[in-house]
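The values are calculated or read from the model by the stated rules, or taken from the named source; none is laboratory data. What you see is a predicted model, and the numbers here were worked out from it, not measured in a lab. With ideal geometry, Cβ positions are generated from the backbone for all residues, glycine too; neighbour counts draw on all protein chains shown.
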Amino acid sequence: MKAVYAISENIISALGFTASGNAEALLSGKTGIRIHHDEKLSSNKLAISLVDTQEMERKFELILKQNKKEQQPSFFTRLEKLLILSVSDAIQNLPVRPDNKKVILVLSTTKGNIDLLEDRFTAKFDHKRVYLWALASVVKDFFGFANTPLIISNACISGVMALIAASRLLRSGKYETAVVAGGDIATEFVISGFQSFQALSPEPCKPFDLSRKGLSLGEGCGTIVLSTNPGDGKTEHILVMGGSVSNDANHISGPSRTGEELSMAINKSLEDSGIEYTAVDFINAHGTATPFNDEMEAKAVSLSKMDKVPLNSFKGYWGHTLGASGLMESAAIIQSMKLNRVFSSAGLEVSGFPGMINVVSETIFKPVNTCLKTASGFGGCNAALVFQKT
């Protein structure tokens with residue numbers, strides 16, 4: 001089986017438009033979650049993380065000029081702009097040719113252009129643009145990808161699942177390079193859905209904290225370029241190892257009460273990687289800060305015998321970004337490995353799970369060679385993926 005390397009990454013969030021810029025913010029403990037009151041999103045005040053619209057538009061106009069595109073910025077939706085910016089940054093210094101048949105675009109999202117269902121956009125965009133295949137086609141055509149994009153949309157494990165699917169395609173020899181991008185935006189539709197569950201925190205979320213009150217939503221994009229050829233002459237590389245997916249078969253929105261199914265995905269991902277649990281240097285959990293999710297994850301990690309392994313959640317920095325979360329958080333893991341830092345888990349004051357998990361309250365400076373990423377989502381889906389530095 002071919003080795004799969006993560007050769008480039010990007011993060012777009014409220015904290016910045018590059019992976020390195022976001023990593024600097026994480027090191028400083030800066031959060032992008034703010035209290036906003038925007039009637040277009042909700043009639044109530046929200047603790048939410050939003051991308052800087054003015055900076056996004058400025059950067060997107062530059063990208064249009066650099067690529068000599070005839071379309072005006074208004075042709076593209078907000079999510080399309082974010083995805084194009086993210087992919088552009090990730091591939092800009094790589095010899096990746098999208099028109100090569102050995103290159104595949106993999107797109108992860110839960111809602112896509114869901115904002116186009118709102119009255120203010122119905123006359124502006126063709127109604128077909130709300131379909132995920134139409135979103136993928138816009139990104140494909142912008143860069144000139146030769147192959148039809150692969151779309152992964154499976155609730156909040158979409159990003160991690162996209163990386164697992166892409167790595168398997170590369171190992172099979174079908175493709176040599178995969179540009180894996182994920183994105184979702186904050187909309188009235190999404191926010192009202194989580195409000196109906198009474199799942200939103202009135203303040204910035206506090207994953208795994210004893211007094212957590214719910215999640216904070218966010219918007220953003222992430223892109224990771226995978227390849228079977230590192231081709232850069234570097235002595236150090238990040239490998240995407242094994243991954244696994246499982247399902248609770250428990251409840252349409254509530255997670256397993258035992259954590260056994262996520263633990264199964266964790267154990268299978270380690271087995272697929274040929275790695276013992278004792279080799280894992282840190283775990284980046286899903287960590288939504290809802291009562292049931294965090295409890296389930298704590299049980300799963302403990303069942304997998306990794307209660308002593310440093311663990312964090314990035315959602316206290318940029319919120320829950322849905323289909324983007326797995327890509328953004330995996331890109332942040334790669335930054336952790338490059339910097340040999342385990343970023344602190346923002347919002348943690350008092351652990352709600354002493355003895356079950358080892359949540360990082362302050363950034364740790366240590367060699368970071370093997371990392372585990374977990375994700376869980378509605379419908380009882382779970383995913384786990386292992387990264388290793390060589």
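For the stretch 57-66, state whether one or more residues are surrounded by 15 or more Cβ atoms within 10 Å (Cβ to Cβ) and on the phi > 0 side of the Ramachandran plot.
no
Any chance you could count how many residues in the stretch 346-375 are in a strand (DSSP E or B), under 17 Å from Ser269 (Cβ atoms) and out of contact with any Cys (no Cβ under 7 Å at 6 or more places or on another chain)? Number satisfying all stated conditions: 5. Here the stretch 308-345 is the region considered, the condition is being β-branched (Val, Ile, Thr) and part of a helix (DSSP H, G or I), and the residue that is farthest from Gly218 (Cα to Cα) is Ile334.
Of Ala324, Ala289, all but one fail to be more than 14 Å from the chain's Cα centre (by Cα) and touching a residue at least 40 places away in the same chain (Cβ under 8 Å); the exception is Ala289.
So, of the residues in the stretch 292-307 that are part of a helix (DSSP H, G or I) and of a type in the set (S, T, N, Q), which turns out to be nearest to the chain's Cα centre (by Cα)? Restricting to residues being part of a helix (DSSP H, G or I) and of a type in the set (S, T, N, Q), the top hit is Asn293. Within the stretch 116-146, take every residue that is of a type outside the set (A, V, I, L, M) and buried (at least 16 other Cβ atoms within 10 Å of the Cβ) and give me the one that is nearest to Glu70 (Cα to Cα). Per the criteria, the residue is Phe142.
Pairs, please: C-beta under 6 Å, at least 6 apart or cross-chain, first residue at positive phi and in the stretch 200-218, second among the hydroxyl-bearing types (Ser, Thr, Tyr)? As it stands, the answer is Gly214/Ser201; Gly214/Thr290, since those pairs meet every condition given. Taking the stretch 56-154 and the helices (runs of 4 or more DSSP H) fully enclosed by it, the elements with 2 or more residues that are over 18 Å from Ser8 (Cβ atoms) and modelled with pLDDT of 95 or more are at 78-91, 132-143.
Within the stretch 24-45, being surrounded by fewer than 23 Cβ atoms within 10 Å (Cβ to Cβ) and outside any loop (DSSP other than H, G, I, E, B) holds for Glu24, Ala25, Leu27, Ser28, Arg34, Ile35, His36. Inspect the stretch 2-25 for any residue being at pLDDT below 95, of a type outside the set (S, T, N, Q) and over 16 Å from Ile224 (Cα atoms) and give the result as yes or no. The answer is yes, given that some residue of the stretch 2-25 is at pLDDT below 95, of a type outside the set (S, T, N, Q) and over 16 Å from Ile224 (Cα atoms).
Scanning the stretch 346-390 for residues that are within 14 Å of Ala298 (Cα to Cα) and more than 18 Å from the chain's Cα centre (by Cα) gives Ser351, Gly352, Phe353, Pro354, Gly355, Met356, Ile357, Asn358, Val359, Val360.
From the list Gly159, Gly182, Gly173, the one residue that fits, being more than 20 Å from Glu329 (Cβ to Cβ) and outside the structural domain of Leu327 (by TED's automatic domain parsing), is Gly173. Per this entry, Phe314 is not counted among residues that are surrounded by fewer than 24 Cβ atoms within 10 Å (Cβ to Cβ) and of a type in the set (Phe, Trp, Tyr).
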